[in-house]
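Notes follow the structure.
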Amino acid sequence: MATTIISAATNSDLDTGSYFELAARAALTCVQRADVGLDEIGMLINTGVFRDSNLCEPAVAALIQKRIGLGLAYEAGRAPTFSFDLMQGATGLLHAIVTADAFLATGAVEYALLVAGDVHPSTERHVTDFPYSSGGAALLLGSSPAAGGLGRLHTSETPSPIDPTAWVDLGEAGSEGRRVICVRADAQDPVDSAVAVVRSCVDEEGLDGGDFAEGQALLLVPANVPGFRTRLANALTIPSRSVIGFAPSVGVPYTAAPVHAYLNALDMGLVDTARTVIFLAADGTSAACLAYHPPSASPGKRALSGRTHDVDTPGRAATGVC
């Protein structure tokens, strides 16, 4: 049994600017489309960084857990759902995937739900100088004998001291400190660190340019730096068509960006034929890369369009998007 992505979903509904609500909606959609019961999910990890009212405590994961009604009752003989925040900037979701994989591999949990996304702390949808789009995203992970599992997480961080990339100027904010934030996005070009982690991952996986040219390998690139995909493809000497981002209509997601890139690859029908899908996450201070080996697509089964996608798991029929 190896870890597999059961389903994925995003939510950017315009009737709310709350990360708690957007992430909860994405999570519920993700779970419902997977035909998995909430009582089967043993772990919830939140990787969103920018949240309502700059809330620090309690853990945002616990608030989302309550909203979706996940594992709220303590029952004799059953371990309660384990929920916590894991914040690692743009790369947080990839760190959460390998964390969940450790629990799935031991059988400690049957399914793990990961959520990501960001909003301005005021929960207003459009705020000057806040560079990221409001939204939530979710991945549901499980185990499957047909999946190839995950590779090792490859990371890179800026070695020299760096200035903060997000902060609240309490002196200037005054009593409005819960509604404001300063963000210094893309302070450094992420291409070099991204190239380093992808090369390390590709070498360890034994891939070359031919694998990418034949569609056997995909690189999911969520960074929003102009020309990033082309520059990355050129540096890695792989075809640019194998480097997949997401549509401009998505906006500028931050922690949820890898899910958007994954769903875009699904909608394009590329994951069905790929043996290796490489997730990349990067910002101006760090980069992370992770290889995922999805189950082989069932005959006649293609990637589903829309905001969710499901794969076959033992004892469950795959569901579609209406």
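The values are calculated or read from the model by the stated rules, or taken from the named source; none is laboratory data. Keep in mind that what you see is a predicted model, and the values were worked out from it rather than measured. Neighbour counts are summed over all protein chains in view; Cβ atoms, including those assigned to glycine, are modelled from backbone coordinates with ideal geometry. Note: areas computed on protein heavy atoms with side chains; ligands, DNA, RNA excluded. Shrake-Rupley method; radii C 1.70, N 1.55, O 1.52, S 1.80 Å.
Work through the residues other than residue 277 whose Cβ is under 12 Å from its Cβ and net out their charges, Lys, Arg +1 and Asp, Glu -1. After counting each charged neighbour, the total is -2. Over the residues of the chain, the helix contribution to mean residue ellipticity at 222 nm works out to -8000 deg cm²/dmol, using -39500 (n - 2.57) for each DSSP H run of at least 4.
To the nearest Å, what is the center-to-center distance of segment 127-151 and segment 52-99, using C-alpha atoms only? Distance between centres, Cα-based: 14 Å. Select from 180, 60, 197 the residue whose mean-square fluctuation is largest in a Gaussian network model of the chain (Cα-Cα springs shorter than 10 Å). Sorting by GNM fluctuation, first place goes to 180. Within a Cβ distance under 13 Å of residue 255, other residues only, what is the Lys/Arg minus Asp/Glu net charge? That sum, taken over residues with Cβ under 13 Å, equals -2.
Which residues make up the longest stretch of the chain that has no GluC sites (Glu not before Pro) in a DSSP loop with at most 13 other Cβ atoms within 10 Å? It runs 1-123. Per-residue Karplus couplings for segment 162-167, computed as 6.51 cos²θ - 1.76 cosθ + 1.60 with θ equal to phi - 60°, are listed in order as 10, 6, x, 9, 8, 7 Hz, Gly and Pro entered as x.
The mean accessible area for residues of the chain, using a 1.4 Å probe and ignoring ligands and nucleic acids, is 43 Å² per residue.
Between residue 76 and residue 102, the modelled label-to-label distance comes to 3.3 nm, taking each label 7 Å out from Cα in the direction of the beta carbon. Size of the chain: Rg and Dmax of its alpha carbons, in Å, are 18.9, 62. Taking one equal scatterer on every alpha-carbon of segment 29-124, how large is log10 of I(q)/I(0) by Debye at q = 0.15, 0.25 1/Å? Debye intensities relative to I(0), on a log10 scale: -0.61, -1.41. Subtracting the Cα-Cα distance of residue 57 and residue 196 from their residue separation scaled by 0.36 nm leaves 46.5 nm. Per atom type, the chain shows carbon and sulfur on 51% of its accessible surface, probed at 1.4 Å.
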